[in-house]
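Notes follow the structure.
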Amino acid sequence: MNIRIILATLIVLSAAVFTNAQTVEKKSLTIEGAKKVIAGSVAYAKKNNAPGGVIAVVDEGGNLMALERLDGTFAAGANISIGKARTAVLFKRPTKAFEDIIKNGRTAMVALPDAYFTPLQGGVPITIDGQIVGGVGVSGAASAQQDEELAMAGANVFAEAKASDTMPASKQPVLFFDAKQVSTSFSTGSALLDGSDRNYMVHTSRRDKPGLAEIHTLDTDIIYVMEGTATFVTGGSAAEAKEIAPNEIRGSRIEGGETRQLTKGDVIIVPNGTPHWFKEVGGAFLYYTIKVR
């Protein structure tokens, strides 16, 4: 009798183990989690001076959970953001992929119902421990690229939180550049320290003639003049502006703005998104540029 009981118990336990092996713990997005996604996008927008935008978060079924509209956003932004978020989660891919597919000629995809498909850049799936639990969509920022950046900032909040909980704080090494290295770098004008694994860069910049108007959408420039003089213009608007690389815009000149004469020892800080231009340069002009992102 005892043997039968033992055998029966083993069979039940074996069945339970087998059943558990065929299932996984299902993750889901809570209202608190949806609000956390929006907070991550809003924080990124404020940090990078993003002009407006609507942030929408949907669950794994594409149902709206939370939405926030920043000041200065056009009225239709809410519906577009919801559509982007729904598309990202239902198709399990960033919406930029579909925009690119259509641009490359597969226009038949535009026939999909609008309620389920918004092929515009700015929608990103939200993933927790490898499972897609929802989607976030952003519309109405400065550009389609910035829409996607805001969406990614929101979607990444859970990965960042997990990393901070499980990974020890890294210790950055002390960096030293001797006078010869610095002098050599200034002779050509180059990056003394690139931005790998850090949110800043150090450039030993050199100018012998005027340059193009510049706008860095992410980087703030801290400029310290070492040698020479220059006429420097900030603000206003860049004429004939075009994007030459992600988050980098160049123009032929600046119209309007504020003009200053820079000389040795001067320091000027140019916030990200601000047009700036070395209009005139008197001979060799050497300066440190600290780029902070």
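From (1) at pLDDT 95 or above; (2) of a type outside the set (D, E, K, R); (3) open to solvent by less than 40 Å² (accessible area, probe 1.4 Å), pick out the condition that doesn't hold for Y224.
Going through the list (1) at pLDDT 95 or above; (2) of a type outside the set (D, E, K, R); (3) open to solvent by less than 40 Å² (accessible area, probe 1.4 Å), Y224 breaks only (3).
Kindly indicate which of S185, S190 is at pLDDT below 95, small (G, A, S) and surrounded by 14 or more Cβ atoms within 10 Å (Cβ to Cβ).
Step by step, each of S185, S190 is checked, and only S185 is at pLDDT below 95, small (G, A, S) and surrounded by 14 or more Cβ atoms within 10 Å (Cβ to Cβ).
Quick one: count up the residues across region 63-72 that are buried (at least 19 other Cβ atoms within 10 Å of the Cβ) and part of a loop (DSSP other than H, G, I, E, B).
0
Can you tell me which of (1) crowded, with 17+ Cβ neighbours inside 10 Å; (2) under 25 Å from T274 (Cα atoms) is the one K47 doesn't meet?
Here K47 clears every test but (1).
Could you figure out which of (1) open to solvent by less than 60 Å² (accessible area, probe 1.4 Å); (2) in a loop (DSSP other than H, G, I, E, B) isn't true of F285?
Against the list (1) open to solvent by less than 60 Å² (accessible area, probe 1.4 Å); (2) in a loop (DSSP other than H, G, I, E, B), F285 comes up short only on (2).
List pairs: first in region 255-271 and touching a residue at least 40 places away in the same chain (Cβ under 8 Å) and closer than 20 Å to K291 by Cβ, second open to solvent by 90 Å² or more (accessible area, probe 1.4 Å) and of a type in the set (F, W, Y), Cβ under 9 Å, 6+ apart or cross-chain?
D266/Y224; V267/Y224; I268/Y224
Could you check how many residues of region 121-142 are in a strand (DSSP E or B) and either of a type in the set (K, R) or open to solvent by 10 Å² or more (accessible area, probe 1.4 Å) (or both)?
Number satisfying all stated conditions: 6.
For residues that are at pLDDT 75 or above, under 20 Å from the mean Cα position of the chain (by Cα) and surrounded by fewer than 21 Cβ atoms within 10 Å (Cβ to Cβ), tally how many sit in region 52-62.
Number of matching residues: 0.
So, in region 73-98, how many residues would count as being aromatic (F, W, Y) and open to solvent by 20 Å² or more (accessible area, probe 1.4 Å)?
Within region 73-98, residues that are aromatic (F, W, Y) and open to solvent by 20 Å² or more (accessible area, probe 1.4 Å) number 2.
Do you know which residues across region 267-282 are open to solvent by 30 Å² or more (accessible area, probe 1.4 Å) and either at pLDDT 95 or above or within 25 Å of the chain's Cα centre (by Cα) (or both)?
V267, I269, P271, G273, T274, W277, K279, E280 - these are the residues of region 267-282 that are open to solvent by 30 Å² or more (accessible area, probe 1.4 Å) and either at pLDDT 95 or above or within 25 Å of the chain's Cα centre (by Cα) (or both).
What number of residues in region 239-254 are touching a helix residue (DSSP H, G or I) at 6+ places or on another chain (Cβ under 9 Å) and touching a residue at least 24 places away in the same chain (Cβ under 8 Å)?
2
Taking the stated definitions as given, is K291 touching a residue at least 40 places away in the same chain (Cβ under 8 Å), within 22 Å of the chain's Cα centre (by Cα), closer than 21 Å to T188 by Cα and in a strand (DSSP E or B)?
Taking the combined requirement at face value, the residue satisfies it.
The values are calculated or read from the model by the stated rules, or taken from the named source; none is laboratory data. Everything numeric in this text was worked out from a predicted model, so none of it was measured. Glycine also receives a Cβ, built like all others from the backbone with ideal geometry; neighbour counts cover every protein chain displayed. Protein only, heavy atoms only, side chains kept; ligands, DNA and RNA dropped before computing areas. Shrake-Rupley method; radii C 1.70, N 1.55, O 1.52, S 1.80 Å.
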